[in-house]
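Enquirer: The structure under discussion is supplied below as structure tokens; questions concerning it will follow.
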Number of protein chains: 2
Amino acid sequence: MQNANFPTDADGRVYHLFIRPGEAANRVLTVGDVPRAVAIAKTPGFEVKFIRRAPRLFTTITGLYKGVPVTIITSLMGIPNADFTFRELRHCIQGPFAIVRIGTCGTPLEDAKVGDIIVPDVYHTVLRNPDAFGPGKSLPIEQRYLVSGEMHPDRDLTSIVRKHVSTLSYKMHAGACLSCCSFYSSQGRQDQNFQDQNVELVDHYIKTVPGFSMMEMESAHFCDLARCVNSSVCGAVYMSAAHIALAQRKSNDFLSNEKKHQIELGLGKAILDSLVEFKIPGEVTTVANSVWTHTGEPLGDWTDFKSEFE
Amino acid sequence: MQNANFPTDADGRVYHLFIRPGEAANRVLTVGDVPRAVAIAKTPGFEVKFIRRAPRLFTTITGLYKGVPVTIITSLMGIPNADFTFRELRHCIQGPFAIVRIGTCGTPLEDAKVGDIIVPDVYHTVLRNPDAFGPGKSLPIEQRYLVSGEMHPDRDLTSIVRKHVSTLSYKMHAGACLSCCSFYSSQGRQDQNFQDQNVELVDHYIKTVPGFSMMEMESAHFCDLARCVNSSVCGAVYMSAAHIALAQRKSNDFLSNEKKHQIELGLGKAILDSLVEFKIPGEVTTVANSVWTHTGEPLGDWTDFKSEFE
């Protein structure tokens, strides 16, 4: 590793994802965990060409879906890990790229059940303000939990995602996504062990965030970074996301693991179909030494992965 | 999994760490990644009694160090993962507990070299403000990157940590730790692909944060949550941390992996020695069905771990 400013190793691999240019395609499906990434990579029509498990636990699977280069990557959990993923992918991908996240979420919508799918059209980041806490502190709720202004996903990509998700047998919702810095405090979960001052927080979001439909921990940061890309330097990034309702925050229902796995397989195929349909403006189609032009066995331990996650 | 408010499974395991009461001791050493946790668990005198690798990748190793129950846990990277770790540990540990983090950091100190060790006495959280970015935005730097007020580790625990670290052959520093929401933007790393408006950020920290000595991504959040514990409900938490200088942010030096591994073994032993020396006020010494009273083979795949991380 060299250069503390943007560390890469002697082979040009970025520090956390542990991949280099040519190992990630310009159509990216991102998920939170490895079992979901592996399950989606088994979708019929997906041919694995490359797999890398980084020491820092990020896993990258690049292959051809219906003949088109696509990367499936685990961005793990939370804003900082979404940040590693997006920034190091931007370094490794040549020209503009598209990224769609499949996540899980909690929903306060009265008409949403666990297992429904939410494709937001507005995003906000929510950060707990450390200066609002600690002994004797008492600030208004909007200063305890900071809700950012509106951010927007790519409209065309989101339309294509909605078209493919609508072919599934699950109810689909739109609205505003809050991506929170915590699974607990800033999502309004109550824990008597901590002074979170968040009893009225979900109701506060309902009152003040137009179209509030879900909470999770990453998607708004992808949306935020997409708008902050210097597109004239490196090419733009087109972002969207779809979320499985895992927790009903009004009834306290929680989706079973079996149903979640079933839904994520269908949703995975819908997002792969969306990614290969989306026309990336200014797409770069030829990349030197790319893993998707490799004609032999997959580079990496795909056989191990397949058996580990049976 | 049941109850969307604080999900646990039918056996009482918390959702992300995937452990339950009796599986974590009230002296905790926390590190960022699995290889470091396994390396420290091999310290002579540490007898592994339990190991659990969670589906969400958190790994917990509980054992006896010099006969005293100690847990080594990976908190992975970033504030949200530190949050999962601290809150779910608080749920699983009976009575007060002590937690010491071993991390890596970047340092702007002129007199610090890579491989030095920093034990802070002040912590701040730094959050990038999403509303300061996006098309046409131009806000003063203190509104782009929000630096929290001062937070303090436990004084007695920090004194013991310093005593043990001072026996090692590395130079030790004190000062203020900034725990940042990103490895890149809020730590002042330059990336021409993004509009981070952070060229002068490190100099801004030097000018405005008294004693500024290091940047990393987690320790301040442990410090923050320790002060927010409802100690009368569940017992207090005593926190401290020690960091290996991995990146010299003035000279751009980066520590080699070999030297890092060598330092973390010595530092691991120093922190284990600190944890067993620290007297926890109001300590609960008997816990029902604890893994450290188990007399047979370790519960879990310790043999697999030892061979995987040779």
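Just so you know, all these numbers are worked out from the coordinates, no wet-lab data involved. Computed from a predicted structure; not experimentally measured. A quick note on method: Cβ atoms are made from the backbone with ideal geometry, for glycine too, and the neighbour counts reach across all protein chains shown.
Enquirer: Show me the three semi-axes of the equivalent ellipsoid for region B:181-249, from the C-alpha gyration tensor (sqrt of 5 times each eigenvalue), largest first, rounded to whole Å.
Expert: 30, 14, 12
Enquirer: Along region A:14-19, what does the Karplus equation 6.51 cos²θ - 1.76 cosθ + 1.60 (θ = phi - 60°) give for ³J(HN,Hα), rounded to whole Hz, x for Gly and Pro?
Expert: 6, 5, 9, 6, 6, 10
Enquirer: Can you give the Kirkwood hydrodynamic radius of the protein assembly as shown from its Cα pairs, in Å with one decimal?
Expert: Here the Kirkwood hydrodynamic radius works out to 24.6 Å.
Enquirer: How many nanometers, to one decimal and shortest first, lie between the label point of residue A:141 and those of its other copies, if labels sit 7 Å from Cα toward Cβ?
Expert: With the label placed 7 Å along Cα→Cβ, residue A:141 yields 3.7 nm.
Enquirer: Measuring nothing but label to label, 7 Å from Cα along Cα→Cβ, what are residue B:301's distances to the other copies in nm, shortest first?
Expert: Listed shortest first, these distances are 1.0 nm.
Enquirer: With a Förster radius of 25 Å, plug the Cβ-Cβ distance of residue B:288 and residue A:252 into 1/(1 + (r/R0)^6) and report the FRET value to the nearest 0.05.
Expert: That gives a FRET efficiency of 0.35.
Enquirer: Additional query: Determine the percent antiparallel among the DSSP beta bridges restricted to the protein assembly as shown, to the nearest 5.
Expert: So the antiparallel bridges in the protein assembly as shown amount to around 45 percent.
Enquirer: Explain nothing, just the number: relative contact order of chain A, from Cα pairs under 8 Å at least 6 residues apart, as a whole percent.
Expert: 27 percent
Enquirer: While we're on this one: Could you identify which residue out of A:105, A:228, A:177 has the top mean-square fluctuation in a GNM of chain A using Cα springs shorter than 10 Å?
Expert: A:228
Enquirer: Output needed for region B:93-183: three equivalent-ellipsoid semi-axes, defined as square roots of 5 times the C-alpha gyration tensor eigenvalues, in descending order, whole Å.
Expert: They are 31, 18, 11 Å, listed largest first.
Enquirer: Right, next: Give me the net charge for the shell around residue B:292: Cβ to Cβ below 10 angstrom, other residues only, Lys and Arg +1, Asp and Glu -1.
Expert: After counting each charged neighbour, the total is -1.
Enquirer: Roughly what % antiparallel, to the nearest 5, for the DSSP beta bridges in region B:108-264?
Expert: So the antiparallel bridges amount to about 40 percent of the total.
Enquirer: Pop the C-beta distance of residue A:306 and residue A:169 into the FRET formula with R0 = 35 Å and round what comes out to the nearest 0.05.
Expert: Calculated transfer efficiency: 0.80.
Enquirer: I would also like to ask the following. Which residues in region A:267-290 place their backbone N less than 17 Å from a point set 7 Å from the Cα of residue A:231 along the Cα-to-Cβ direction?
Expert: A:278-284
Enquirer: Nearest 20 debye, what's the magnitude of the dipole of chain A about its Cα centre given +1 on Lys and Arg Cβ and -1 on Asp and Glu Cβ?
Expert: Using only the charged Cβ atoms, the result is roughly 260 debye.
Enquirer: Which residue, chosen from B:240, B:303, B:225, occupies the Cα position most advanced towards the positive end of the dipole of region B:27-308, where the dipole is computed from +1 (Lys, Arg) and -1 (Asp, Glu) charges on Cβ about the Cα centre?
Expert: About the Cα centre, the residue reaching furthest to the positive side is B:303.
Enquirer: On to the next question. So how long is each side of chain A along the principal axes, counting just the alpha-carbon atoms, biggest first, in Å?
Expert: Reported extents, whole Å, longest axis first: 61, 48, 38.
Enquirer: What is the spin-label model distance, in nm, from residue A:150 to residue B:206 if the labels are put 7 Å beyond Cα along the C-beta direction?
Expert: Inter-label distance under the simple model: 4.3 nm.
Enquirer: Still on this structure, I have one more. With both partners inside region B:27-308, how many of the DSSP beta bridges are antiparallel, as a percent to the nearest 5?
Expert: The antiparallel proportion sits near 40 percent.
Enquirer: Given an 8 Å cut-off on Cα distances and at least 6 residues of separation, report the relative contact order of region B:203-267 as a percent.
Expert: Relative contact order for region B:203-267 comes out at 17 percent.
Enquirer: Quick one: give the max-minus-min coordinate of the C-alpha atoms of region B:1-140 along each principal axis, largest first, in Å.
Expert: For region B:1-140, the Cα spread along each principal axis is 54, 45, 26 Å.
Enquirer: Pairs B:113/B:207; A:66/A:306; A:113/A:250; A:163/A:269; A:66/A:269; B:113/B:260: which are spaced more than 18 Å apart, C-alpha to C-alpha?
Expert: Too far apart for the 18 Å limit: B:113/B:207; A:66/A:306.
Enquirer: Could you order peptides B:148-156, B:239-247 by the average number of other Cβ atoms within 10 Å of their residues, highest first?
Expert: Per-residue Cβ counts within 10 Å, averaged per peptide and sorted highest first, yield B:239-247, B:148-156.
Enquirer: Limiting things to C-alpha atoms, what are the Rg and the maximum Cα-Cα separation (Dmax) for region B:4-52, in angstroms?
Expert: Cα radius of gyration and Dmax of region B:4-52 are 13.1, 42 Å respectively.
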